[in-house]
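Some notes on the structure that comes next.
Nothing in this text is a laboratory measurement; each read-out follows from the coordinates by a stated rule. Here the structure is a predicted model, which is why all the values come from computation and not from measurement. All Cβ positions, even for glycine, are placed from backbone atoms using ideal geometry, and neighbour counts span all protein chains on display.
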Amino acid sequence: MKLSTTQIEQLYKFTRDHYVEHYDLQTELVDHLANGIEKRWENNPKLSFEDALNAEFKEFGIFGFSDIIEKHTSAISKRYLKIIFRFMREYIKLPKIIGTLCAVSLLFYFIRYVSFSEWVIGFAYFGFFLYLTILTFKEKRKYNTKAKKTGKRWKLEEMIYNTGYGWFSVLNLFQIMYHLDVLISDNYIVQMLTAMILVFVMLFTYISVNVLPEKAEELLREAYPEYELSV
Amino acid sequence: MGNSKLYKGSLHTIILKLLEENGKMYGYEITQKVKEITNGELNITEGALYPALHKLEAEDLLDVEVAKVDNRLRKYYKLTEKGSKETVNKLKELENYIRNMQVLVNPNWSIE
């Protein structure tokens, strides 16, 4: 005996009720539960759908889906970072590397020879920070509206629209620069490193905040073969 | 996972080896196959299998394919080129481990 479409829908609801938020993971678990239930029906055709489902869910152990959810998140984070670095590699290859080198040199020159450069950088940083706040807010709203409309949340998509990594790097860098007084150092090695790190962080942020959301659809199709089938 | 913690470290190798032999497989199929091969001795739990599959996928060792089967979507896993190479390494590693353990536990034992 095979499961009906309504029962499959019930399984999706079951995973959602057990805190599996994302459609990619829901789909995999639904198929697993469905296979398990059908196997149970082979041996005992009189078993009710609910009893079969409960028995199958017990196989997942006392923690249910929680371990799977947690590890799924870390696997997707890894993929997300890999995607960012894939785009970043473009900037250390010709032709874009010319621009990268120019940016580093200009910034180095600016830090070394322009007085009050630390103030300019500080203010620029603050402006950047505000820009990020507004952008993140906007992207997040866009994602929530879309997720509500389609009823499906994809983990990778959520990460792309949360632009979380961009934020993280910006905040951390600020702390480091503030505590180590790198901007007022006279040592040219420190100044060179500062210029390089600033360019690196700007690139990282630019890619995670601007490039990835623009290419979200394409990246999702690449990561999830089921995306096409479910849209 | 399974009957013993000893199996846990070999889960990735087990998955890679199964995929090498069977081409593409889905999660439930893997648990059943392991049960069948070991006559029910080894039971891979879902809580261990899926995280392992997702990790191998994130490391580009596995590729996924989705097909509509009956009235639901099924996710299949298969080895990538990198995954095939890693399978060879992992199996060699496991063989060495077994050999060393045999010698340690039973010094008179010989592989010949």
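Descriptive notes on the structure:
- Rg and Dmax, both from the Cα atoms of chain B and both in Å, are 15.7, 57.
- Take chain A and mark each of the chymotrypsin sites (Phe, Trp or Tyr not before Pro) that is in a DSSP loop with at most 14 other Cβ atoms within 10 Å; the longest unmarked stretch, sites excluded, is A:117-231.
- When all alpha carbon pairs of the stretch A:95-149 are counted in 10 Å bins from zero, the resulting P(r) reads 20, 26, 28, 18, 8, 1 %.
- Taking the square roots of five times each eigenvalue of the Cα gyration tensor of the stretch A:76-230, the equivalent ellipsoid has semi-axes of 34, 17, 11 Å, listed largest first.
- Here the simple spin-label model places points 7 Å from the Cα toward Cβ, and for A:Arg40 and B:Ser84 these points are separated by 4.0 nm.
- Value of Rg to Rh for the stretch A:5-64, rounded to two decimals, is 0.96; Kirkwood radius and Rg both from alpha-carbon coordinates.
- Of A:Lys13/A:Lys58; B:Lys24/B:Lys82; A:Lys39/A:Lys71; A:Lys152/B:Lys75; A:Lys82/B:Lys82; A:Lys78/B:Lys8, pairs whose Cα-Cα distance is over 20 Å: A:Lys39/A:Lys71; A:Lys78/B:Lys8
- Across the alpha-carbon set of the protein assembly as shown, the Rg to Rh ratio works out to 1.08, Rh being the Kirkwood radius.
- Each of the peptides B:83-90, B:25-32, A:94-101, A:24-31 was scored by the mean count of other Cβ atoms within 10 Å over its residues; in descending order, highest first, they stand as A:24-31, B:25-32, B:83-90, A:94-101.
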